[in-house]
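Undergrad: Quick one: structure below, then a few questions.
Each value in this text was obtained by applying a stated rule to the coordinates, not by laboratory testing. Small disclaimer: the values here were computed from a predicted structure and weren't measured. All Cβ positions, glycine included, derive from the backbone under ideal geometry; neighbour counts span all protein chains shown.
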Ligand code: PLP
């Protein structure tokens with residue numbers, strides 16, 4: 001028995017607000033009946049505002065990985081090339097999936113400390129004179145590295161190369177936390193999940209689909225059934241789904257969309273930016289390094305912090321969990337044990353951030369991690385003097 005609330009400060013799943021918990025505490029209804037159709041139609045319509053799109057959005061009862069697969073199999077045929085950029089572990093996993101499915105990823109290597117290089121993507125596309133590359137896939141906010149890539153710049157690079165590839169973007173840890181503009185940035189397929197900025201439990205994922213991507217789906221694509229966008233269209237137009245939807249999560253989604261609309265997307269983005277900056281101030285005062293080297297690419301939804309000697313992150317996280325009942329994100333793959341990740345996204349406020357940073361600083365003291373004093377103080381000073 002541990003009293004008080006657990007601090008779930010991994011970069012997703014995030015803390016589910018009480019309002020959403022309560023909204024989901026309802027009986028499951030007939031998913032082909034009129035009451036459900038109203039709910040389905042309303043969430044499908046209102047999701048568009050969060051994606052900043054007029055395009056069709058589809059919802060899968062699946063984790064984010066499902067929506068990755070849906071994006072690939074609806075537009076790519078076996079043997080098609082797909083340009084993918086290594087921003088961290090999630091870009092790597094998406095690339096591995098593309099290869100497993102029989103597509104041909106052209107994986108542009110990154111260093112896990114910087115975001116997708118739009119100029120390099122443009123150059124690669126310009127050299128693809130036969131237009132073998134059918135899609136460019138970028139992770140907007142790679143949750144493993146805490147790096148946000150400039151998607152508008154990637155769009156400009158694709159256009160400048162006069163290349164017809166589709167632009168497909170993973171926004172699983174940015175949607176509803178970091179400004180993401182599907183239509184303004186000309187994103188053809190967006191991949192998103194329920195468990196981060198949308199503040200829901202895991203279990204829903206999404207694709208937003210441009211008319212160009214839809215045409216590619218109609219004209220080709222891989223063998224698919226469960227993920228087929230075409231099966232969604234007719235039922236979705238009536239507010240229902242081709243198979244049993246995750247009714248309970250959709251009640252929660254309705255509430256989440258209301259909460260985001262009440263706060264206003266601009267305010268949601270500003271809140272995340274402010275908490276991220278306060279976190280960065282704390283890390284700087286501790287004398288520690290943030291994994292993302294470029295200030296403009298540092299994520300507003302999480303911060304990946306490098307350990308002083310490049311090791312010991314797992315022991316530190318274990319100490320913090322044990323002593324203060326707080327979960328931090330683990331270092332993945334190339335940065336395993338070298339970084340810990342502080343999630344500061346979703347349903348989150350100043351005092352939750354301060355509790356989080358106190359937990360980190362106290363944990364470093366207990367675990368004997370070399371650091372300067374004053375990180376918490378620096379974050380406090382920032383929050384006290386900057387907006388809200
Ligand atoms: N992409 C990103 C950026 C993620 O952060 C995650 C999970 O954390 C995924 C993809 C995979 O999503 P899921 O674990 O929901 O299948």
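Undergrad: At 25 °C and 0.890 mPa s, grab the translational diffusion coefficient of the stretch 1-145 from Stokes-Einstein with a Kirkwood Rh over Cα pairs, rounded to a whole number in µm² per second.
TA: Value of D from the Cα-based Kirkwood radius: 132 µm²/s.
Undergrad: Say R0 is 25 Å: what FRET efficiency, to the nearest 0.05, do residue 27 and residue 181 get from their beta-carbon distance?
TA: 0.10
Undergrad: Okay, next question. Assign one of three labels to the stretch 126-251, namely rounded, prolate or oblate, based on the Cα gyration tensor with a ≥ b ≥ c the square roots of its eigenvalues; rounded applies when a/c is under 1.5, prolate when it is not and a/b is larger than b/c, and oblate otherwise.
TA: Oblate shape, in that a/c is at least 1.5 and b/c is the bigger or equal ratio.
Undergrad: Points 7 angstrom from Cα along the Cβ direction at residue 131 and residue 263: gap in nanometres?
TA: Taking the simple label geometry, residue 131 and residue 263 are separated by 4.2 nm.
Undergrad: Still on this structure, please answer the following. Where a ≥ b ≥ c are the square roots of the eigenvalues of the C-alpha gyration tensor, would you call the stretch 166-230 rounded, which needs a/c under 1.5, or, failing that, prolate if a/b is larger than b/c, or oblate?
TA: oblate
Undergrad: OK, next. If packing is taken as the average number of other Cβ atoms within 10 Å across a peptide's residues, how do 73-85, 32-44, 360-372, 187-199 rank, most packed first?
TA: 187-199, 73-85, 360-372, 32-44
Undergrad: Pairing the Cα long axis of helix 151-160 with the longest principal axis of the chain, what angle in degrees results, from 0 to 90 and rounded to the nearest 10?
TA: Roughly 40 degrees between the two axes.
Undergrad: Can you tell me which of 131-137, 260-266 comes out highest on packing, and rank the rest after it, using the mean Cβ neighbours within 10 Å?
TA: With the highest mean Cβ count within 10 Å placed first, the list reads 131-137, 260-266.
Undergrad: Under Stokes-Einstein, with the Kirkwood radius over Cα pairs standing in for Rh, what whole-number D in µm²/s applies to the stretch 278-360 at 25 °C and 0.890 mPa s?
TA: Translational D for this selection: 189 µm²/s.
Undergrad: Could you state the angle between the C-alpha long axis of helix 313-324 and the longest principal axis of the C-alpha atoms of the chain, as a value from 0 to 90 degrees rounded to the nearest 10?
TA: For helix 313-324, the angle is close to 70 degrees.
Undergrad: Go through 176-182, 14-20 and give me the packing order, highest mean Cβ count within 10 Å leading.
TA: 176-182, 14-20
Undergrad: Along each principal axis of its Cα atoms, how long is the chain end to end? Whole angstroms, biggest number first, please.
TA: 60, 54, 35
Undergrad: Rounded to the nearest 5, what % of DSSP beta bridges with both residues in the chain are antiparallel?
TA: On the way: 21 of 41 bridges.
Of those bridges, close to 50 percent are antiparallel.
Undergrad: Quote the FRET efficiency, to the nearest 0.05, computed for residue 100 versus residue 367 with a Förster distance R0 of 45 Å and r equal to the Cβ-Cβ distance.
TA: Details: r = 39 Å, r/R0 = 0.86.
Once the sixth-power term is evaluated, E becomes 0.70.
Undergrad: Which angle between 0 and 90 degrees, to the nearest 10, do you get for helix 89-100 versus the longest principal axis of the chain when only C-alpha atoms count?
TA: So the helix axis and the longest Cα principal axis differ by about 30 degrees.
Undergrad: Let me ask another. If each DSSP helix of 4+ residues adds -39,500 (n - 2.57) and the sum is divided by the residues in the chain, what number results at 222 nm, nearest 500 deg cm²/dmol?
TA: Computed ellipticity for the chain at 222 nm equals -13500 deg cm²/dmol.
Undergrad: A follow-up question, please. As an exercise, use a Förster radius of 22 Å and the Cβ-Cβ distance of residue 327 and residue 18 to find the FRET efficiency, rounded to the nearest 0.05.
TA: So, using R0 = 22 Å, E works out to roughly 0.70.
Undergrad: Related question: Label residue 334 and residue 293 with points 7 Å out from Cα along Cα→Cβ: what is the distance between them in nm?
TA: Once both label points are built, they end up 1.1 nm from each other.
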